[in-house]
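Taken together, the values in this text are just the output of simple stated rules run on the coordinates, not laboratory data. On a predicted model such as this, the values are computed, not experimentally measured, just so you know. Cβ coordinates were reconstructed from backbone atoms using ideal geometry, including for glycine residues, and neighbour counts include every protein chain displayed.
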Amino acid sequence: MEHEPVGSAPGADDAARLRRRLVDELRSAGRLDSPEVARAMDTVPRDRFTPPGTELRDAYADRVVVLATDRSGAPISTVSQPAMVALMLEQLDVRAGHRILEVGTGSGYNTALLAELTGPGGHVTSIEVDDALLLGAAARLAELAPGEGTPLDLRRGDGWLGVPGNAPYDRLESTIGVDDIPPAWREQLADGGLLVAPVWLRPGLELSVAMRRAGPVLHSVSVTQCGFLQLRGPHGADPHSRRLGSGLSVVGDGLTGKDVEIIRALAETAGVDIGRVPGLTERRWWGVSLSDPRAVLFTGRYGTPVAWGIYEPDGPEGPGLAIGSDGTAVGHGDPIAAEILRHRLEDAPEVDPSRLTVTAFPAGHPVPPPPADGHSWRITRAHHRYRIHAPEE
Ligand SMILES: C[S@@+](CC[C@H](N)C(=O)[O-])C[C@H]1O[C@@H](n2cnc3c(N)ncnc32)[C@H](O)[C@@H]1O
């Protein structure tokens with residue numbers, strides 16, 4: 001079926017052709033199944049949401065486009081990668097007429113897709129913390145009127161608080177990462193409604209989780225690995241990743257600036273080769289990472305994992321660090337870190353992130369015993385306790 005793109009602009013034919021090709025490529029790569037999402041992506045002109053001067057072929061490549069950076073040049077807003085946009089929209093399972101809240105308007109591209117999916121009988125609220133970005137998105141969306149005039153309500157503010165005035169929502173999508181679901185998102189979601197958000201669990205494990213609300217509890221219905229910018233503002237998520245220098249960063253759960261100094265100093269000491277560590281595979285690493293908050297991940301310039309390890313700040317003889325890569329490991333400082341690494345590698349199961357389930361219980365709510373089969377872990381944050389479960393392989 002042919003669909004006219006919303007709005008029209010010079011070069012619209014070329015854009016339509018490239019857009020169609022991107023959708024076809026995503027479909028044949030198995031990254032886009034839903035006909036509704038495909039139709040929406042085939043309709044909304046992504047090139048109208050990328051910064052001026054972006055080449056058409058870049059607007060329709062399956063790549064992130066940076067919208068805004070901070071003073072250090074680090075991105076603070078992007079038009080997300082089309083494959084990720086498609087995946088999250090499939091997880092969100094929008095039906096015609098849904099009331100939707102989007103957190104992180106950015107360029108407004110995903111807002112337009114949401115409008116296409118819910119249609120004129122639905123309603124989309126979108127909140128963005130950055131004034132300039134919101135103004136840009138509002139102008140584009142006013143011009144394009146996606147979804148044949150789907151009502152849109154664009155707000156400037158801290159999305160951590162949601163937008164209570166338009167609740168309850170059938171669907172809530174965050175396009176910005178958190179390490180704890182803000183209570184307002186759960187409270188503003190209709191019972192039975194779906195929430196999709198990038199949730200950072202542990203080093204190397206950031207998941208786009210679709211969760212259904214059942215009373216006060218959120219139960220995941222699908223998870224997929226992702227990598228997202230983290231929520232900004234007074235309730236901002238911990239950055240998790242901190243620069244060590246020479247293009248390397250260390251990623252950890254709750255590392256302080258002092259920890260990073262210690263890790264940097266330890267890594268510069270001559271290490272003790274602790275030989276081969278059997279089972280140091282990526283899947284085993286995810287098991288270690290879920291099992292132990294002392295797990296750390298070392299990444300290169302583009303966030304690519306280069307080594308894994310354990311950082312124990314309070315060893316009997318001081319802090320210790322064990323760094324493993326390619327099946328071997330090196331210990332620095334107190335040897336306890338190397339012992340912990342070996343021990344964890346023996347005990348931790350291999351984990352396939354796509355098979356994990358995540359359940360979020362509000363702080364203070366009782367957490368029932370985990371299922372008898374497989375492996376379960378618990379992660380406690382300020383507002384929720386998360387039970388992560390991996391079924392038996
Ligand atoms: C990955 S980008 C958004 C992509 C966007 N959906 C698009 O299609 O262009 C995430 C956005 O979240 C915004 N953001 C960060 N912290 C926020 C907060 N506390 N409240 C609302 N928006 C926030 C950022 O400014 C950024 O524009």
Please report the antiparallel percentage of the DSSP beta bridges confined to the chain, to the nearest 5. 75 percent
Sort the chain into rounded, prolate or oblate with this rule: let a ≥ b ≥ c be the square roots of the eigenvalues of the Cα gyration tensor; rounded if a/c is under 1.5, and if a/c is not under 1.5, prolate when a/b is larger than b/c, oblate otherwise. prolate
Can you tell me which of A214, A295, A329 moves the most in a GNM of the chain? Springs connect C-alpha atoms under 10 Å apart. A214
If the chain between R57 and A190 were fully extended at 0.36 nm per residue, the gain over the current Cα-Cα distance would be 43.9 nm
For segment 313-375 versus segment 110-150, the gap between their alpha-carbon centres in whole angstrom: 42 Å
Per the 1/(1 + (r/R0)^6) rule, R0 = 35 Å and r from the Cβ atoms of E36 and S241, FRET efficiency to 0.05 is 0.50
Where the only charges are on Cβ atoms (+1 Lys, Arg; -1 Asp, Glu), what is the dipole of the chain about its Cα centre, to the nearest 20 debye? 280 debye
Using 7 Å Cα-to-Cβ label points, what is the A83/V367 separation (nm, one decimal)? 3.3 nm
Residues of segment 65-105 with backbone nitrogen within less than 18 Å of a virtual label 7 Å along the Cα-to-Cβ line of D24, please, listed as ranges. 83
Residue separation between S325 and H219 times 0.36 nm, minus their alpha-carbon distance, gives in nm 34.7 nm
Which stretch or stretches of segment 191-231 have amide N atoms under 19 Å from the point lying 7 Å from R378's Cα along the Cα→Cβ direction? 201-202, 216-220
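Per DSSP helix of 4 or more residues, -39500 (n - 2.57); summed, then divided by the residues of the chain. What does that give at 222 nm, rounded to the nearest 500?
-8000 deg cm²/dmol
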Once you've got the GNM for the chain with C-alpha springs shorter than 10 Å, pick whichever of S28, S77, S354 has the biggest mean-square fluctuation. S28
Separation between the A270 and D14 pseudo-spin-labels, each 7 Å from Cα along Cα→Cβ, expressed in nm? 6.1 nm
By how many degrees, between 0 and 90 and to the nearest 10, does the Cα long axis of helix 336-347 differ from the longest principal axis of the chain? 60 degrees
Cα atoms only: what Rg and Dmax, in Å, come out for segment 241-347? 12.4, 35
